[in-house]
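The values are calculated or read from the model by the stated rules, or taken from the named source; none is laboratory data. These figures come from a predicted structure and were not determined experimentally. Heads up, the Cβs are rebuilt from the backbone with ideal geometry, glycines too, and the neighbour counts pull from every protein chain shown. Only protein heavy atoms, including side chains, enter the accessible area calculation; ligands, DNA and RNA are left aside. Shrake-Rupley method; radii C 1.70, N 1.55, O 1.52, S 1.80 Å.
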2 protein chains.
Amino acid sequence: MSAGHLAIVGLGPGPHDLMTFEAEAALRRATDLVGYGPYVDRLSLAPGQIRHGSDNRVEIDRARHALDLALGGARVAVVSGGDPGVFAMAAAVFEAIEQGDPRWRDLDIEVHPGISAMLAVAARLGAPLGHDFAVISLSDNLKPWAAIAKRLTAAAEGDFVMAFYNPASKARPYLIHDVFELLRGLKAPDTIVAFARAVSRPDEKIELTNLAEADPSIADMSTLILVGSSETRRIARGDGGYWVYSPRSYGIAR
Amino acid sequence: MSAGHLAIVGLGPGPHDLMTFEAEAALRRATDLVGYGPYVDRLSLAPGQIRHGSDNRVEIDRARHALDLALGGARVAVVSGGDPGVFAMAAAVFEAIEQGDPRWRDLDIEVHPGISAMLAVAARLGAPLGHDFAVISLSDNLKPWAAIAKRLTAAAEGDFVMAFYNPASKARPYLIHDVFELLRGLKAPDTIVAFARAVSRPDEKIELTNLAEADPSIADMSTLILVGSSETRRIARGDGGYWVYSPRSYGIAR
């Protein structure tokens, strides 16, 4: 093992309270903090810690930079919003390792999980992920539309609850409309749909609707979209709002 | 709103370090802690807090008990291993509310997310959930085999990475063998498979294998099973072990 150390750390959806104790400890131990600017900027640094914020959205470049710092003997923390393993920095780091400097394979590497957006959104709504679900990134610079359509069709055929990450694409703004057009051909019009933006942050906004009435143009890159299974339902609360949940049993009369 | 309060709190996979700050604060504020015995027993209580441990595995009974305590004015925390929204207590609570005392709908209810087993396991392995994945409970007392088989088939057709919860059934010990027999007809023999038992706890054990060689009889109720997509791969580490990850791109030449 080399002297260098790399921790890939999940910050959770935003507020410090939704980070784990382990993630915070990993940040405290680091000599160097690497990440996308807005994530690195929200960290309060200890004396001597070095911030390597980047406005570069190319994750693999950040991963390589972090691996090189670790190889040089630094104790590096790569920070990631949500959980680093779900459409975030962890896969970029391992992709870099597979393709890159063979000495990177000798580094001491740890991944510290975090609360992924789907879990924070589900907690706010009730328990929409209480039964089988499929998690899909709609980022089409990383896969062609045919691959996205295949996954959506399979998820609908399996009647999974669905969670969509990265729903807005600057390169292809109509993609999210294509997604909903496809789903409308496969699922019932009254299927529950939620657009959850910036959950747990001050600008949190949740829109609860159904597949027939959903307007996907409200989704931006901070939005997670949930689409229910045939059994996902809502319960009226005393305060006029609703809870959304997916029953634990399936295809068994309740 | 009634005076009562109910928090549904995710404890994460086991060690205190993998809990969030928010979850710990919710536990500290509670007057009454309700949960399955082993989960409640591992909490250190403040003076005056009341423990309602139960060896009853029927989650809906615990949910009703907690709702009644809250209706009586208590500040109740229902504890759940992992994330309460993923095959755990949150869906049971909302199921109880939908079917039960209408006054339960007026309670102030909050769900505090936690690190679900799939995230802890993925972090230990590398980044196997770095691309689209499907999450399936194999608990067949809550759904018939036909429903499980439909979901598995759809997940295989969509080439999702799969995470299986609750793989061992006392009532039907051959179920997990049926699952693997079905998957062997649908996916390549060299598909990566991991059996991850008690991850992050002292008795953690991970077995990394492939679909052809996997022996599903090693799975118990503390085991989470991961099955890769066609693109999930492993990287040899300098120490003789392997990292497992799913590349972020799909169907695009790397």
For B:Pro144, place a label point 7 Å from Cα along the Cα-to-Cβ direction in every copy; what are the distances to the other copies, in nm, shortest first? 4.0
Express the carbon and sulfur contribution to the solvent-accessible surface of chain B as a percent, rounded to the nearest whole number, probe 1.4 angstrom. 50 percent
Net charge over other residues, Cβ less than 9 angstrom from the Cβ of B:Ser222 (K, R count +1; D, E count -1): 0
Rounded to 10°, Cα long-axis angle of helix B:145-157 versus longest principal axis of chain B: 50 degrees
Taking chain A as a Gaussian network, where each spring joins two C-alpha atoms under 10 Å apart, which residue of A:Gly48, A:Gly73, A:Gly100 fluctuates the most? A:Gly48
With the label set 7 Å along Cα→Cβ, B:Pro102 is separated from its counterparts in the other copies, in nm and shortest first, by 7.4
Distances from B:Ser54 to the same position in the other copies: list them in nm, one decimal, shortest first, using label points 7 Å from Cα along Cα→Cβ. 4.9
Filter the trypsin sites (Lys or Arg not before Pro) in segment A:1-92 to those in DSSP coil with at most 16 other Cβ atoms within 10 Å of their Cβ, and list the result. A:Arg42, A:Arg57
Once you sort the root eigenvalues of the Cα gyration tensor of segment B:99-150 as a ≥ b ≥ c, which label holds: rounded (a/c under 1.5), prolate (a/b larger than b/c) or oblate (the other case)? oblate
Relative to the longest principal axis of chain B, what angle (0 to 90°, nearest 10) does the C-alpha long axis of helix B:59-71 take? 30 degrees
How much accessible area per residue does chain A have, counting only protein heavy atoms and a probe of 1.4 Å, in square angstrom? 38 Å²
Quote the charge dipole size of segment B:113-254 about the Cα centre in Debye, to the nearest 20; the model charges only the Cβ of Lys and Arg (+1) and of Asp and Glu (-1). 260 debye
Would you mind giving the mean number of other chain beta-carbons within 10 Å of the Cβ of each residue in A:97-105, as a whole number? 3
DSSP bridge pairs, the protein assembly as shown: antiparallel proportion in percent, nearest 5: 45 percent
Enter the Cα centre distance for the pair segment A:73-121 and segment A:19-71, rounded to the nearest angstrom. 11 Å
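Give the average, rounded to an integer, of partner chain Cβ atoms located within 10 angstrom of each Cβ in B:107-120.
Details: counts 2, 3, 3, 2, 9, 5, 13, 4, 12, 7, 0, 6, 12, 5.
Mean inter-chain Cβ contacts per residue within 10 Å come to 6.
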Segment A:107-254: Rg to Rh, with Rh as the Kirkwood radius over Cα pairs: 0.98
Once you put a point 7 Å from the Cα of B:Phe21 and another 7 Å from the Cα of B:Ala46, both along the Cβ direction, what distance in nm separates them? 1.7 nm
Under 5 Å between amide H atoms, partner at least 5 residues away or on a different chain: which partners does B:Asp132 have, H built in plane at 1.01 Å? A:Ser137
Could you work out the mean count of beta carbons from other protein chains within 10 Å of each residue's beta carbon in B:21-34? 2
Using the alpha-carbon atoms, what tilt in degrees (0 to 90, nearest 10) does helix B:175-186 show relative to the longest principal axis of chain B? 40 degrees
Full-extension gain in nm, B:Asp203 to B:Gln99, via 0.36 nm per residue minus C-alpha separation: 33.5 nm
Based on the alpha-carbon gyration tensor of segment A:35-101 and its eigenvalue square roots a ≥ b ≥ c, which shape applies: rounded if a/c is under 1.5, prolate if not and a/b is larger than b/c, or oblate? oblate
Based solely on its DSSP helices, what 222 nm [θ] is calculated for the protein assembly as shown when runs of n ≥ 4 H residues each add -39,500 (n - 2.57) and the sum is averaged over all residues, nearest 500 deg cm²/dmol? -8000 deg cm²/dmol
With +1 on the Cβ of every Lys and Arg and -1 on the Cβ of every Asp and Glu, and nothing else charged, how large is the dipole of segment B:1-74 about its Cα centre, in debye rounded to the nearest 20? 100 debye
Mean shadow area of segment B:118-180 over all directions, Cα convex hull, nm²: 4.5 nm²
The farthest towards the positive end of the charge dipole of chain A, of the residues A:Ile136, A:Ile50, A:Tyr245, given +1 on Cβ of Lys and Arg and -1 on Cβ of Asp and Glu, is A:Tyr245
Taking the Cα atoms of the protein assembly as shown alone, what are Rg (to one decimal) and Dmax (as a whole number) in Å? 21.7, 63
Eigenvalues of the alpha-carbon gyration tensor of chain A, times 5 and square-rooted, give semi-axes in Å, largest first, of 36, 20, 16
Of all chymotrypsin sites (Phe, Trp or Tyr not before Pro) in segment A:151-248, which ones are in loop regions per DSSP and have a Cβ with at most 16 other Cβ atoms within 10 Å? A:Tyr174
Given points 7 Å out from each Cα along the Cα-Cβ axis, report the B:Glu110 to A:Tyr242 separation in nanometres with one decimal. 2.5 nm
How big is the B-A contact in terms of buried accessible area, both chains counted, 1.4 Å probe, rounded to the nearest 100 Å²? 6700 Å²
Checked segment A:158-220 against the a/c 1.5 cut and the a/b vs b/c comparison, axes a ≥ b ≥ c from its Cα gyration tensor; verdict oblate
Would you please report the Å³ per residue occupied by the convex hull of the alpha carbon atoms in segment A:1-113? 88 Å³
